[in-house]
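So the structure is just underneath, and the comments pick up after that.
Laboratory data are not the source of any read-out in this text; all were calculated from the coordinates shown. Keep in mind the model is a prediction, meaning the values are calculated, not measured. Quick reminder, even Gly has a Cβ in these numbers, built from the backbone with ideal geometry, and neighbours come from all protein chains shown.
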Amino acid sequence: MKCEQWKPLLAGYMDGELTREENERFKKHLSHCADCREDLLQLGELKEVTEHMKHEHLPDAFWDQYWLGIYNRMERGLAWVLLSIGGAILVGFGVWQFANEFFLNADVPLLLRFGLGITIAGAAVLFVSLIRERMRMWRHDPYKEVQR
């Protein structure tokens, strides 16, 4: 076997997680491979250092500020969603009222109604296209996790 096939077994050997057969084969490999012995030695040193590490205890004030920040972000997110829905309803109602009064009014020339209708349709298609593009870019933006 090549060394690359033995590398994943280093941690298991050190922690005593290998089967008896794997353990014997690995010991045999170690007797012939200086690179794996060196890797095992370095892994042992790393394990010794990390076993003596302790987590820093953070004060309660830190956690209070942390949860307050999360709460504020959630609250603002909900506020933007509600504001957007309310605004969309109001704009939709306004457009509906305008369309009923303008397009169904026989006093307004047909050419003007047709021209405005085409203009509104074009603006709507552009708006939908823009929203679709922004959503696609937001999902696939490789830099969205980068804080600016």
remark   = Rounded to the nearest Å, the spacing of the alpha-carbon centers of region 100-119 and region 1-61 is 79
key: Values of log10 I(q)/I(0), in the order q = 0.19, 0.22 Å⁻¹, for region 39-148 under a Debye, Cα-only, solvent-free model   = -1.13, -1.23
message = I'd like the FRET efficiency for residue 62 and residue 140, computed as 1/(1 + (r/R0)^6) with the beta carbon distance as r and R0 of 25 Å, rounded to 0.05.
response = 0.10
query = Considering lysine pairs in the chain that are 8 or more places apart or on different chains, how many have Cα atoms under 27 Å apart?
reply = 8
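Eigenvalues of the Cα gyration tensor times 5, then square-rooted: what semi-axes does that give for region 3-51, in whole angstrom, largest first?
18, 13, 8
Roughly speaking, what is the stretch gain from residue 25 to residue 123, that is 0.36 nm per residue apart minus the C-alpha to C-alpha distance, in nm to one decimal?
Stretched fully, the residue 25-residue 123 segment lengthens by 28.1 nm.
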Förster-model FRET efficiency, 41 Å R0, residue 116 and residue 79, C-beta, rounded to 0.05 = 0.75
key: Top positive-direction residue, dipole computed over the chain with Cβ charges, set 117, 13, 96   = 117
The chain: Cys lacking any partner C-beta under 4.7 angstrom = 3
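Compute, for the chain, the length of the dipole vector about the Cα centre, with Cβ point charges of +1 (Lys, Arg) and -1 (Asp, Glu) only. Units Debye, rounded to 20.
Working: 18 positive and 21 negative charges, 145 e Å.
Roughly 700 debye for the chain.
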